[in-house]
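Visitor: The structure under discussion is supplied below as structure tokens; questions concerning it will follow.
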Amino acid sequence: MCIKMKKELFLIIPVLIVSFATTAIVLGYENKSDKDELLQHYEGYMNKQHTESIEIHPEEDYLYSMYQTQDDNKIGVLEYSLNNTSSNEIANNEDIVLIPLNGEQNNYMGIKFNKSASDIKHIEITVNNEVQEYIINQEEDNSYTDTFLIPVDFDPNNISKIVTFDKKSNQVTSLDR
């Protein structure tokens, strides 16, 4: 009887493994398909709005992005899902542009560096009288970014000051609000 159970287990285990693997592949494909659908709808939405994406961050059921308008020199942050959109646009004409957004999923801080972006190593953000530091460009990288977009756990409308620093920690620019 023991040998018969071993044979049955020997036959059942490969079937279970194949079943689990197939389920994982199907679920992974469905998840990718959902993200593809979200990105397709997002691209259609952006085209209708006459905007161009600068950076896109897809999540499971939504995405957030920074974009610029094609007509009137504005820059914005958008949280997009198939059911809801939240966005904020600001004129893109300062040395530093802060685009705060209180979305349905998260709050976001978008920053566009229009002056000396290649020199910026880190920034200091003052929120509710507390200073937070963010690394923007790594010293060892030969490339740089002129945008910074992240979800934050505070109300980005409470940011009172942004200061940018170069690789030697010299102040480059600042924005007081």
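Visitor: Taking the convex hull of the Cα atoms, report for the stretch 49-176 its projected area averaged over all directions, in nm².
Guide: The number I arrive at for the stretch 49-176 is 8.2 nm².
Visitor: Okay, moving on. Where in the stretch 97-165 are there trypsin sites (Lys or Arg not before Pro) that are in a DSSP coil and have at most 16 other Cβ atoms within 10 angstrom of their Cβ?
Guide: Here the sparse-neighbourhood loop sites are Lys115.
Visitor: Provide the per-residue ³J(HN,Hα) series for the stretch 36-47, in order, calculated from phi with Karplus coefficients 6.51, -1.76, 1.60 and θ = phi - 60°, each as a whole number of Hz, with x at glycine and proline positions.
Guide: Each residue of the stretch 36-47 in turn: 4, 5, 4, 5, 5, 5, 4, 4, x, 4, 5, 4 Hz.
Visitor: Which pairs, out of Lys48/Lys161; Lys74/Lys121; Lys112/Lys167; Lys48/Lys112, put more than 28 Å between their alpha-carbon atoms?
Guide: Lys48/Lys161
Visitor: Starting from the 7 Å offset along Cα-to-Cβ, what nm value, one decimal, do you get for the label separation of Ser116 and Gln171?
Guide: Roughly 1.1 nm, to one decimal.
Quick note: the coordinates plus some simple rules give every number you see, no bench work behind them. All values derive from a computational prediction rather than experimental measurement. Please note: Cβ atoms are built from the backbone with ideal geometry, for glycine as well, and neighbour counts cover all protein chains shown.
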